[in-house]
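The values are calculated or read from the model by the stated rules, or taken from the named source; none is laboratory data. Computed from a predicted structure; not experimentally measured. Because the Cβ atoms are built from the backbone with ideal geometry, glycine has one as well, and the counts that use them run over all protein chains shown. Heads up: the accessible areas ignore ligands, DNA and RNA and are worked out on the full protein's heavy atoms, side chains in. Shrake-Rupley method; radii C 1.70, N 1.55, O 1.52, S 1.80 Å.
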Amino acid sequence: RIIVFACINHRLAMKTSKKKNPGAAVTAVVTRIIHGDSIKGSDDLGNYYNTQAELAQHQAINRDGWYATNKDWWEQDGGGGYGGSTDEEAMIGDGGGEADGVEGLAFLDRLILESSSKNNSKKLKFARAIDAGAGVGRVTKHILLKRYDCVQLVEADSGWSKRSKTYLGRKRAARCTFTCSRIEELDQDSDDSCRIDLVWLQWTLQYLTDADAVETLQNLAARLILRTGILIVKENRPYGAARQDRFQMDTPGVSGRYDITRSDDHHRLLFQRAGLTVNQTEEGVETNTYALSLNNS
């Protein structure tokens, strides 16, 4: 069985919050089917969507234009993305990159510890990892290279992909390969010997339409080594004053880019459509961490 872990981080307005969650608690998951008719939300133009199908139709119509705008947003002069004084701030919108890395590494180490128990037949392996939607390589630097022998960084923007080599430094970069590709268009490797031990996908699905998010999850999960492969997904969801059961979509005309903050059920619907089953969830102050497995694997 391929185990997939998705860590969903809350988000308010347009800034990504990187806060630790010392009160995280693991709870059992009650299996339930999410229906698209239950997914509702609005965009920054004041449009309201009564079902996921309405949202998906609107996303499909605007997809190419939105993606083109996002491409320009990441490539803008003086450093694209969220701006700031460092590459990490450009990636995530604040100076919490290192703290987020500490939190992510602690999460991974808990998985490693759990897998090392005598009764667990699915012990994790630490040879190859993919940093999907890598940006400048922040997750690779703070998390993946501390536990895995080598990392493949997959990043759509050629500028950030080249810049990541400098950001990581010569010694770290020597343990990495660099692929310039959109993750939903990443070529499949049919060679089973090239399967990956871990894929890390963080703050990336928010820039994809629902259809592309499902395809991406399927594509990345299919790359994992059988039985012990892990996919960790960290994404935003509403919190604070925002309604937690409603998505909020930002559009280029108002916000300068396309992205979507999905609710818990909305993410579960995407996992469900990708053929993933939620086995366990960890609830924190501002995050949910889901443990998922491929159906019938």
TODO: Please specify each residue of the stretch 152-169 satisfying the condition of being among the hydrophobic types (A, V, I, L, M, F, W, C) and more than 20 Å from Glu184 (Cβ to Cβ).
DONE: Leu168
- [ ] Answer yes or no: is there a residue in the stretch 102-110 that is buried (at least 17 other Cβ atoms within 10 Å of the Cβ), at pLDDT 90 or above, of a type outside the set (Phe, Trp, Tyr) and closer than 29 Å to Arg262 by Cβ.
- [x] no
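Look at Ala174 and say whether it is over 20 Å from the mean Cα position of the chain (by Cα), open to solvent by 40 Å² or more (accessible area, probe 1.4 Å) and modelled with pLDDT of 90 or more.
Yes, satisfied.
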TODO: Return the only residue of Ser181, Ser121 being modelled with pLDDT under 90 and either of a type in the set (Asp, Glu) or open to solvent by 20 Å² or more (accessible area, probe 1.4 Å) (or both).
DONE: Ser121
TODO: Would you point out which residue out of Gly41, Gly46 is at pLDDT 65 or above, within 19 Å of Pro238 (Cα to Cα) and not in a loop (DSSP other than H, G, I, E, B)?
DONE: Gly41
Open item on the list: For the stretch 124-160, give me each residue that is open to solvent by 30 Å² or more (accessible area, probe 1.4 Å), of a type in the set (Asp, Glu) and part of a strand (DSSP E or B).
Closed with: none
Task: In the stretch 9-38, residue modelled with the lowest pLDDT [restricted to those that are open to solvent by 70 Å² or more (accessible area, probe 1.4 Å) and either within 25 Å of Leu276 (Cβ to Cβ) or hydroxyl-bearing (Ser, Thr, Tyr) (or both)] - done: Ala28
Open item on the list: Suppose we keep only residues that are over 11 Å from Met249 (Cα atoms) and open to solvent by 50 Å² or more (accessible area, probe 1.4 Å) within the stretch 41-57. Which one would you say is farthest from the chain's Cα centre (by Cα)?
Closed with: Asn50
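Rundown of residues vs (1) of a type in the set (Val, Ile, Thr); (2) touching a Cys at 6+ places or on another chain (Cβ under 7 Å); (3) within 25 Å of Arg110 (Cα to Cα); (4) open to solvent by 10 Å² or more (accessible area, probe 1.4 Å), yes/no style:
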position: Val214; (1), (2), (3), (4): yes, no, no, yes
position: Ala221; (1), (2), (3), (4): no, no, yes, no
position: Gly229; (1), (2), (3), (4): no, no, yes, no
position: Gly240; (1), (2), (3), (4): no, no, no, yes
position: Arg243; (1), (2), (3), (4): no, no, no, yes
position: Phe247; (1), (2), (3), (4): no, no, no, no
position: Gly256; (1), (2), (3), (4): no, no, no, yes
Open item on the list: I need the strands (runs of 3 or more DSSP E) fully contained in the stretch 219-297, keeping only those with at least 2 residues that are closer than 18 Å to Thr51 by Cβ and at pLDDT 90 or above.
Closed with: 246-250
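State yes or no: is Gln206 under 26 Å from Leu270 (Cα atoms), polar (S, T, N, Q) and open to solvent by 20 Å² or more (accessible area, probe 1.4 Å)? I'd like the intermediate steps shown before the answer.
Numbers: under 26 Å from Leu270 (Cα atoms): yes; polar (S, T, N, Q): yes; open to solvent by 20 Å² or more (accessible area, probe 1.4 Å): no.
Here the answer is no, as Gln206 does not meet what is asked.
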